[in-house]
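Trainee: Sending over a structure as structure tokens; questions will come in a sec.
The values are calculated or read from the model by the stated rules, or taken from the named source; none is laboratory data. Here the structure is a predicted model, which is why all the values come from computation and not from measurement. With ideal geometry, Cβ positions are generated from the backbone for all residues, glycine too; neighbour counts draw on all protein chains shown. Each accessible area value is taken on the protein alone, full model and side chains, heavy atoms only, with ligands, DNA and RNA left out. Shrake-Rupley method; radii C 1.70, N 1.55, O 1.52, S 1.80 Å.
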Amino acid sequence: MTVDELKKILANKLSPKRYRHSINVMETAKKLARAYGENSDKAALAGLLHDCARDIKGDNIFFHCEKFGIAVNEVSKFQPDLLHGPLGAEIAKYEYGIEDVSILNAIRWHTTGHEHMDKLCKIIYIADYIEPGRSFPGVEEVRQLAYCNLDDAMITSLDRTIKYVITKGALLHPDTIDARNSIIMEKLRTDT
Ligand SMILES: [Fe+2]
Ligand SMILES: [Fe+2]
């Protein structure tokens with residue numbers, strides 16, 4: 001399916017606010033892809049589709065996860081919204097015909113992060129964080145970092161997310177810790 005065909009489908013499936021956000025993430029991901037030598041067509045598809053499962057709520061999420069054989073860990077049982085990444089990847093594959101593994105992983109891990117994220121994964125994670133509709137405290141710092149050093153932008157946004165979750169007294173997903181540790185370890189390896 002082409003980007004234009006997918007846009008038409010998503011415009012009908014998603015709420016207007018979610019659709020606008022998806023378009024913003026797509027445009028931001030394309031810019032980041034150009035800045036970092038990544039394929040901008042892949043970035044566009046991943047950005048457009050990243051929240052395709054975001055409006056599936058409640059027990060419906062668990063129903064669909066079971067249907068696709070998605071493993072649900074203990075944290076996600078308490079915070080089912082975190083499953084819209086893994087579920088979105090399966091929907092992108094089986095309903096929208098996306099076969100590229102890096103696009104699917106970028107959708108799969110855009111909410112929690114993950115160990116060993118590739119460049120496209122990081123681009124979608126950051127594009128979701130900094131798209132022009134976002135206005136939370138600290139977003140400007142990540143916006144600036146995003147075009148200087150993608151890994152520094154990742155570490156700063158993961159740090160902010162982890163601190164926010166702790167302030168709320170909520171559960172931290174282990175993949176978020178793994179994402180942060182693996183990027184810092186990569187940096188330490190290349191620095192030595
Ligand atoms: Fe999302
Ligand atoms: Fe999003």
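Trainee: Hey, any idea what % of the chain's accessible area is carbon plus sulfur with a 1.4 Å probe? Don't jump to the answer; show the numbers that get you there.
Mentor: Details: 5220 of 9850 Å².
The value for the chain is 53 percent carbon and sulfur by accessible area.
Trainee: Let me ask you something else. Please identify every one of the trypsin sites (Lys or Arg not before Pro) in the range 121-192 that sits in a loop by DSSP and has no more than 14 other beta carbons within 10 Å of its own beta carbon. Walk me through the numbers on the way to the answer.
Mentor: Working: sites: Lys122, Arg134, Arg143, Arg160, Lys163, Lys168, Arg180, Lys187, Arg189; in loops: Arg134, Lys168.
Passing sites in the range 121-192 are Lys168.
Trainee: Now for a different question. Solvent-accessible area per residue for the chain at a 1.4 Å probe radius, Å²? It would help to have the intermediate numbers written out before the result.
Mentor: Working: 9850 Å² over 192 residues.
So the chain comes to 51 Å² accessible per residue, rounded to a whole number.
Trainee: With +1 assigned to the C-beta of every Lys and Arg and -1 to the C-beta of every Asp and Glu, and no other charges, what is the dipole magnitude of the chain about the Cα centre in debye, to the nearest 20? Could the numbers behind the result be given before it?
Mentor: Values: 26 positive and 28 negative charges, 105 e Å.
For this selection, approximately 500 debye.
Trainee: Compute the Rg to Rh ratio over the range 3-191 from the alpha carbon atoms, using the Kirkwood formula for Rh, and round to two decimal places. Walk me through the numbers before you get to the answer.
Mentor: Working: Rg = 15.7 Å, Rh = 16.7 Å.
Reported Rg/Rh, Kirkwood definition of Rh: 0.94.
Trainee: Can you tell me which aspartates and glutamates have their Cα less than 19 Å from the Cα of Lys168? Leave out same-chain residues fewer than eight positions away.
Mentor: Here the aspartates and glutamates satisfying the reach criterion relative to Lys168 are Glu74, Asp81, Asp159.
Trainee: I would also like to ask the following. What is the calculated FRET efficiency for Asn149 to Thr192, with r their C-beta to C-beta distance and R₀ = 25 Å, to the nearest 0.05? Mind dumping the intermediate values first?
Mentor: Values: r = 18 Å, r/R0 = 0.72.
After rounding to 0.05, the efficiency reads 0.90.
Trainee: Hey, which aspartates and glutamates would be in cross-link range of Lys42, C-alpha to C-alpha under 16 Å, not counting anything within fewer than 8 residues on its own chain?
Mentor: Asp4, Glu5, Glu27, Asp51, Glu99, Asp100, Asp118, Asp128
Trainee: Additional query: Are any of the pairs Lys57/Lys77; Lys17/Lys57; Lys17/Lys119 more than 21 Å apart by Cα-Cα distance, and if so, which?
Mentor: Working: Lys57/Lys77 13 Å; Lys17/Lys57 16 Å; Lys17/Lys119 27 Å.
Listed pairs above 21 Å: Lys17/Lys119.
Trainee: Another one. Report the label-to-label distance for Leu171 and Arg34 in nanometres (one decimal), using points 7 Å from each Cα along the Cα→Cβ vector.
Mentor: With each label point 7 Å from Cα toward Cβ, the separation is 4.2 nm.
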